[in-house]
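Worksheet for the structure shown next.
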Amino acid sequence: MVGRTVNFNEVHPDSDAGHAVLEARLKEVRVQMDDAAAVQRAGLIDVHTSALEKRRLRREKLAGPIAHVSEVGRLAAKDHPELVGKLRYRPSGTSFLAHRTAAASMLAEAKANKEVLAKYGLSEAVLEVFEALLDQFDAAVKLGSDGRGKHKGATQRLTALAQEGGRIVRAMDARNRYRFKDDEQLLGAWTSASTVHGRAVTGSGSGPAEPPAGGTGPGQEQVQQHPGEEGGPPVAGGDVRPAA
């Protein structure tokens with residue numbers, strides 16, 4: 001909706017000074033929404049990448065270093081029974097944090113008892129791989145955490161910009177309806193450009209919604225739209241109306 005309104009104003013310029021101020025700010029809002037949407041998407045990609053990488057690294061550790069250390073611990077059990085429990089993979093749950101804690105504990109015990117376990121086949125190279133995989137796992141966790149932060153911040157920014165964009169378009173609406181009152185085609189084009197697509201929200205407790213800008217439809221509707229989008233088909237079961 002913001003993008004369509006900016007495009008409409010460029011095709012149909014207005015010499016009114018107040019309208020020019022609103023046009024300039026709406027252009028800034030569109031640019032800022034595009035920037036925030038890019039950050040939002042990057043955050044989502046980082047979260048998705050992090051999840052895939054954590055699953056891959058957990059599988060690789062379980063099949064390789066964790067299995068190796070555990071079996072060496074069993075081989076050493078006859079002479080060093082106290083090491084068996086320390087070298088078992090027993091996470092406290094199914095979460096990635098539980099896995100990371102259990103894996104790090106195994107690695108620490110294996111390194112602390114490296115000389116003893118070497119007699120039963122402990123591989124120094126495998127321990128190095130184990131440590132490297134844990135470092136990669138920590139990096140994947142950080143990537144996901146940072147990505148969630150970027151996504152949340154960008155989403156909040158988009159929401160604020162969408163609200164501001166709606167207010168600007170409502171402020172423009174009266175001027176354009178006056179400009180095009182004798183031209184049904186341009187008035188219809190403006191109405192189409194300044195209309196958002198969404199789903200009406202019903203219920204009580206949220207207070208009255210602001211009415212559409214100069215519209216004739218119900219003033220109790222509120223529109224839910226993904227910030228930054230140009231428009232698109234209405235949500236199933238929804239309605240369309242001027243910016244609100």
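The values are calculated or read from the model by the stated rules, or taken from the named source; none is laboratory data. Just so it is clear, the model here is predicted, and its values are computed rather than measured. Virtual Cβ from ideal backbone geometry, glycine too; neighbours counted across all protein chains shown. Areas reflect the complete protein model, heavy atoms only, side chains present, ligands, DNA and RNA absent. Shrake-Rupley method; radii C 1.70, N 1.55, O 1.52, S 1.80 Å.
Values computed for the structure shown
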read-out: Selection status of Lys181, surrounded by fewer than 16 Cβ atoms within 10 Å (Cβ to Cβ), under 30 Å from Gly85 (Cβ atoms) and among the charged types (D, E, K, R); value: no
read-out: Among (1) open to solvent by 80 Å² or more (accessible area, probe 1.4 Å); (2) among the hydroxyl-bearing types (Ser, Thr, Tyr); (3) assigned to a helix (DSSP H, G or I), the one test that Ser50 misses; value: (1)
read-out: Residues within the stretch 20-35 that are farther than 30 Å from Arg148 by Cβ and open to solvent by less than 60 Å² (accessible area, probe 1.4 Å), tallied; value: 5
read-out: Among (1) of a type outside the set (Asp, Glu); (2) in contact (Cβ under 8 Å) with a residue 12 or more places away in the chain; (3) surrounded by 14 or more Cβ atoms within 10 Å (Cβ to Cβ) - the single one Arg41 does not satisfy; value: (2)
read-out: Qualifying residue in the stretch 161-175 (condition: crowded, with 17+ Cβ neighbours inside 10 Å, without any contact (Cβ under 8 Å) to a residue 40 or more places away in the chain and over 32 Å from the mean Cα position of the chain (by Cα)); value: no
read-out: Residue among Ser92, Ser15 that alone is within 30 Å of Ser145 (Cα to Cα) and modelled with pLDDT under 90; value: Ser92
read-out: Filter pass, Ala67 being among the small types (Gly, Ala, Ser) and in a helix (DSSP H, G or I); value: yes
read-out: Condition met for Gly85 (on the phi > 0 side of the Ramachandran plot and free of Cβ contacts under 8 Å to residues at least 60 places away in the same chain); value: no
read-out: Matching residues, the stretch 1-44, being hydroxyl-bearing (Ser, Thr, Tyr) and under 30 Å from the mean Cα position of the chain (by Cα); value: Thr5
read-out: Filtered residues of the stretch 120-145 (kept if loosely packed, with under 15 Cβ neighbours inside 10 Å, within 18 Å of Leu87 (Cβ to Cβ) and among the hydrophobic types (A, V, I, L, M, F, W, C)); value: Ala125
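Each row is one residue, and each column tells you yes or no for (1) surrounded by fewer than 14 Cβ atoms within 10 Å (Cβ to Cβ); (2) out of contact with any Phe, Trp or Tyr (no Cβ under 8 Å at 6 or more places or on another chain).
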| site | (1), (2) |
| --- | --- |
| Gly18 | yes, yes |
| Ala37 | no, yes |
| Pro81 | yes, yes |
| Gly85 | yes, yes |
| Ser92 | yes, yes |
| His99 | no, yes |
| Leu107 | no, no |
